[in-house]
Amino acid sequence: MKHVARQVIFYAALIGIWALLAKLKIWPPYIFPTPWGVVDALLAGFKDHSFWIAIGVSMKRMMLGYGISVALGMVLGLGVGSNKFLEETVGGLLVSLQSLPSICWLPLAVLWFGLTEKAILFVVVMGSLLSVTIAMEDGRKHMPKIYGMAGRNLGARGFALFWHVLLPASLPYIISGLKQGWAFAWRSLISGEMIFVSLGLGQLLMMGRDLNDMSQVIAVMILIIAIGYIVDGLVFKSVERRLRNKWGLAPAT
Amino acid sequence: MTPNAHNTASEPVFFGDHRSTARASATRWKTGAAPSVLPLPQPVSDVPKVSLHGISLSYKTTNGSRLLAIDNIDLKVRTGEFLCIVGPSGCGKSTLLHLIAGLHKPTSGHVLVDDNVVEGTGTDRILIFQELGLFPWLKVGENVEFGMKMKGLSKAEREEKIRYYLRLVHLSQFKDSYAHQLSGGMRQRVALARALATEPDVLLMDEPFAALDAQTRDLLHDELERIWAETGRTIVFVTHNVREAVRLGDRVVLFTFRPGRVKREFQVDLPRPRQLEEVDVARAAREILEHLREEINKSLEVEYGVWP
């Protein structure tokens, strides 16, 4: 209870200071909006469906881009994790590529694909593929060897071995990588969407800028944080917790 | 007993000569769930089920030199036989099971099952690992189902066999539990059920009871013996516990310390079921232990640089 109370007080104070500063009118409202202006913008955005459409478009891109990343990353990570040659060559390349911010892929994507959906997807995939791959590789290496041996021993081989044994066995080790991959994909998507007219949340953010509507900019930022938090903090956390319970890794709750 | 210390490895030592009395004494069986008429072990046939021909295994150590783990082992396991392998730790006995299971390839020599050379894993030989390797993401029933699923049995068939084998190891109520919710002995029995469910001809067991408390272990000895008798499987059982080997085995093979070789064989013809505390079991174990002691000393010398 104390914990919740502290948080409520903190956020109330934060909004209070914000309201006070806005009330003092040190800056014009298009630079420093009021909290109620932001709330109005949020409500208006949902009311005229523009937020819903943006969320829909962005989430569709996320599903597609992140889905491709996970599928590709699994194959790549497994290959790199189980083959010495690939590990030394491709593995090294992947690690060095990870220091490249994903938005750096955008110029290349635009030249290749034009100002299209594909360009954005490309950026999303490049943004999250590496962390998914590295997570898979890590999972493959840290997964206890006994499961692979037990699987082979019981007659699993090839794809069945991967699907029924190696993948589930490495899940607890790759789930944090998958989570990180999602966060990267989300960041890449928003940056990608900001570049051109694309209907997503990123574009809504830029539209606020173009219209000198700071309330909308802040409103969309809050929306992006909220969606990120919901997926990251709630979806992945609960999957992780359930996994740990099932495996008997979690402390009794 | 006929042994003397100067026997060569090729001449097996015999303990007792009571195969016939094994049947007569069957009423002493004490396992709670045992059937009223005890299915007795199939007479061990002379047909070899598993034969090892000149098996050697060496591997590169971290400092680049080659270490010979197993040296030229010739061994035949008869169909339906319960064979125990004992030896000091590091004698390659577990590795040998992995070779028979087809998880690794020997450096030289080959393993025959019936008349077929072992090229890889196969569900005719199932290994129960020391660490068990139960799949934590599957329920007990699904663990038992796994091998059958890989073999492509139909759902109905699998369901029936899950029921049958879980009943066999007295775990029927735990079908929907996860392995981590069970005790050590129960987990051990899940592993046994999972292995048996694929209906292998050969069951390979790698120190399966080493980590269990004494009561649980005694109970599982009884159950394993009963299941062996009921199913007529060929069992190769690796242990460092000589008494356990004598308690369970038709034959006990003693391995030397690194590199692993067959030092001596002991035929155990004591009546079944045996008890760990029986005088005859203890006497036979002591005899084997004397030979094992030499190897343990050798291993201590190598690993600690001392004679104790």
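A few points about this structure:
- Cα gyration tensor, the range A:188-253 - rounded (a/c under 1.5), prolate or oblate: prolate
- Rounded to two decimals, the Cα radius of gyration of the protein assembly as shown over 2.2 N^0.38 Å is 1.33.
- Phi angles across the range B:58-75 convert, under the Karplus curve 6.51 cos²θ - 1.76 cosθ + 1.60 with θ = phi - 60°, into 3J(HN,Hα) values of 10, 9, 7, 8, 5, 8, x, 7, 9, 10, 8, 8, 10, 10, 6, 8, 10, 7 Hz, Gly and Pro given as x.
- Proximity of backbone amide H atoms, modeled 1.01 Å from N, is registered between residue B:69 and B:57, B:58, B:59 at under 5 Å, excluding neighbours fewer than 5 places apart on the same chain.
- Counted residue by residue at 0.36 nm each, then reduced by the alpha carbon distance between them, the extension gain from residue B:173 to residue B:46 reaches 41.7 nm.
- Equivalent ellipsoid semi-axes - Cα gyration tensor, the range B:132-198, angstrom: 18, 12, 10
- Protein accessible surface hidden between B and A, which excludes ligands and nucleic acids, total in Å², probe 1.4 Å: 2000 Å²
- Ordering A:80, A:51, A:64 by Cα displacement along the dipole of the range A:1-108 toward the positive end leaves A:51 in first place; charges were set at the Cβ atoms of Lys, Arg (+1) and Asp, Glu (-1).
- Probe 1.4 Å - accessible area at residue A:32, Å² to nearest ten: 60 Å²
- Residues whose amide H falls under 5 Å from that of residue B:78, counting only those 5 or more places apart or on a different chain, are B:49, with hydrogens built in the peptide plane.
- Gyration tensor (alpha-carbon) shape descriptor, the range A:2-59, a/c threshold 1.5: oblate
- Sorted into 5 angstrom bins from 0, the C-alpha pair distances of the range B:144-274 split as 2, 9, 18, 21, 19, 14, 9, 6, 2, 0 percent.
- Going from the isolated chain to the complete set of protein chains, the range B:178-227 loses at least 50 Å² of heavy-atom accessible area (1.4 Å probe) at B:180.
- Rolling a 1.4 Å probe across all protein chains gives residue A:195 an accessible area of roughly 90 Å².
- The range B:177-252: C-alpha gyration tensor shape, a/c 1.5 cut-off, then a/b vs b/c: oblate
- Approximate spin-label separation residue A:60-residue B:159, in nm, with each point projected 7 Å along Cα-to-Cβ: 4.2 nm
- Calculated FRET efficiency for the pair residue A:2/residue B:66, C-beta based, R₀ 56 Å, to 0.05: 0.30
- Comparing Cα centroids, the range A:190-242 and the range B:87-127 end up 58 angstrom apart.
- Residue-wise HN-Hα coupling along the range A:48-56, computed from phi with Karplus coefficients 6.51, -1.76, 1.60 (Hz; x: Gly, Pro): 8, 6, 5, 5, 4, 4, 4, 4, x
- Rg followed by Dmax, in Å, when chain A is reduced to its Cα trace: 22.2, 74
- Heavy-atom accessible area ranking, 1.4 Å probe, most first, across B:151, A:118, B:93: A:118, B:151, B:93
- Average Cα contact separation per residue, the range B:132-198, under 8 Å, 6 or more apart, as relative contact order %: 52 percent
- Calculated [222 nm] ellipticity per residue, helices only, for chain A: -24500 deg cm²/dmol; basis is -39500 (n - 2.57) per DSSP H run with n ≥ 4, divided by all residues, nearest 500.
- 1.4 Å probe accessible area per residue over the range A:34-247, in Å²: 49 Å²
- With θ taken as phi - 60° and the Karplus curve 6.51 cos²θ - 1.76 cosθ + 1.60 applied, the whole-hertz 3J(HN,Hα) list for the range B:157-173 is 4, 4, 4, 5, 6, 4, 4, 4, 6, 5, 5, 4, 9, 6, 10, 3, 6 Hz, x standing for glycine and proline.
- Accessible heavy-atom area order of B:287, B:294, highest first, probe of 1.4 Å: B:294, B:287
- Dmax and Rg, reported as Rg then Dmax, of the range A:1-149 (C-alpha, Å): 23.0, 70
- Shielding by other protein chains, A:142-152, mean Cβ within 10 Å: 5
- Multiplying the residue separation of residue B:300 and residue B:183 by 0.36 nm and subtracting their alpha-carbon distance yields 38.8 nm.
- For the segment B:116-127, counting C-beta atoms of other chains within 10 Å of every residue's C-beta and taking the mean gives 2.
- Accessible surface of residue B:149, taken over heavy atoms with a 1.4 Å probe and every protein chain present, rounds to 90 Å².
- Sequence ranges B:274-286, A:160-172, ranked by mean other-Cβ count within 10 angstrom, highest first: A:160-172, B:274-286
- The mean number of Cβ atoms from other chains found within 10 Å of a Cβ in peptide B:133-141 is 6, as a whole number.
- Of the peptides B:198-209, B:110-121, A:65-76, the ranking by mean beta-carbon count within 10 Å, highest at the top, reads B:198-209, A:65-76, B:110-121.
- The order of A:244, B:187 by accessible area, most exposed first and with a 1.4 Å probe, is A:244, B:187.
- Computed over chain A: relative contact order in percent, which uses C-alpha pairs under 8 Å that are six or more apart: 23 percent
- Kirkwood-based shape ratio for the range A:133-253, expressed as Rg/Rh from alpha carbons: 1.18
The values are calculated or read from the model by the stated rules, or taken from the named source; none is laboratory data. As the structure is a prediction and not an experimental result, all values here were calculated from the model. Every residue, glycine among them, receives a Cβ derived from its backbone with ideal geometry; neighbour counts consider all protein chains shown. We work out accessible area using only protein heavy atoms, side chains counted, and drop any ligands, DNA or RNA first. Shrake-Rupley method; radii C 1.70, N 1.55, O 1.52, S 1.80 Å.
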